[in-house]
1. Where residues in the stretch 84-119 are over 29 Å from Glu45 (Cβ atoms) and of a type in the set (Ser, Thr, Tyr), which of them is surrounded by the most Cβ atoms within 10 Å (Cβ to Cβ)?
2. Of the residues in the stretch 20-47, how many are within 26 Å of the chain's Cα centre (by Cα) and among the charged types (D, E, K, R)?
3. Sort through Ile44, Ile39, Ile25 and tell me the only one that's over 19 Å from Asn94 (Cβ atoms), without any contact (Cβ under 8 Å) to a residue 24 or more places away in the chain, part of a helix (DSSP H, G or I) and not charged (D, E, K, R).
4. Kindly evaluate Arg43 against the criterion of being out of contact with any Lys or Arg (no Cβ under 9 Å at 6 or more places or on another chain), surrounded by 14 or more Cβ atoms within 10 Å (Cβ to Cβ) and of a type outside the set (A, V, I, L, M, F, W, C).
5. How many residues are outside any loop (DSSP other than H, G, I, E, B) and in contact with a strand residue (DSSP E or B) (Cβ under 7 Å, 6 or more places away or on another chain) if we restrict to the stretch 65-116?
6. Can you run down the residue pairs with Cβ atoms below 7 Å, 6 or more apart or on separate chains, where the first is in the stretch 49-71 and within 11 Å of Arg93 (Cα to Cα) and the partner is basic (Lys, Arg)?
7. Can you name the number of the only condition in (1) touching a strand residue (DSSP E or B) at 6+ places or on another chain (Cβ under 6 Å); (2) part of a helix (DSSP H, G or I); (3) surrounded by fewer than 14 Cβ atoms within 10 Å (Cβ to Cβ) that Arg54 fails?
8. Here are the criteria: (1) at pLDDT 95 or above; (2) among the β-branched types (Val, Ile, Thr); (3) surrounded by 12 or more Cβ atoms within 10 Å (Cβ to Cβ). Tell me which single one Thr64 does not satisfy.
Amino acid sequence: MSDIYNILKLLRPNNKWSTVNNTFIWEDDISLKPTDNEIESKRIELLNALPIKRLRRERDEKLTNCDVYGLNDFPFSTEEIKQSWLDYRQALRNLPSNSSPQLDDNGKLINVNWPIPPS
């Protein structure tokens, strides 16, 4: 039921509808009700967007975990180490445009070449 709820929030955010005992009830002008095709198209669109959303979430976590290395005043021991962290962070930021992420049967992100953090 959460799928239809989220889909209707996106398709018809200003219309009135509810659910009772897992049954969807349209409470607005019937001509405004989305068709089964519209609902299915939006469901597929949302499903197809999951891999890139998951990629961005995991990428953002990796960036957050190394934010300290992006600070201008972080005391790197050498310029080479500093540059390697800057390159790593840039590679993380580039992942969405450089990847074709997919989810396996268990919902795990695949088909992503994660950059290796500097040691």
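The values are calculated or read from the model by the stated rules, or taken from the named source; none is laboratory data. As the structure is a computational prediction, the values presented were derived from the model and not from experiment. When we count neighbours, we look across all protein chains shown, and the Cβ atoms used for this are built from the backbone with ideal geometry, even at glycine.
1. Once the filter is applied, the top-ranked residue is Tyr88.
2. Residues in the stretch 20-47 being within 26 Å of the chain's Cα centre (by Cα) and among the charged types (D, E, K, R): 6 in total.
3. Numbers: Ile39 fails: without any contact (Cβ under 8 Å) to a residue 24 or more places away in the chain; Ile25 fails: part of a helix (DSSP H, G or I).
Result of the check over Ile44, Ile39, Ile25: Ile44.
4. yes
5. Let us first name the residues in the stretch 65-116 that are outside any loop (DSSP other than H, G, I, E, B), namely 65, 67-70, 79-98, 102-103, 109-110.
This time we only want the ones that are in contact with a strand residue (DSSP E or B) (Cβ under 7 Å, 6 or more places away or on another chain), so: 102-103, 109-110.
Result for the stretch 65-116: 4.
6. Leu63/Arg89
7. Condition (3) is where Arg54 drops out.
8. If we test Thr64 against (1) at pLDDT 95 or above; (2) among the β-branched types (Val, Ile, Thr); (3) surrounded by 12 or more Cβ atoms within 10 Å (Cβ to Cβ), just (3) comes out false.
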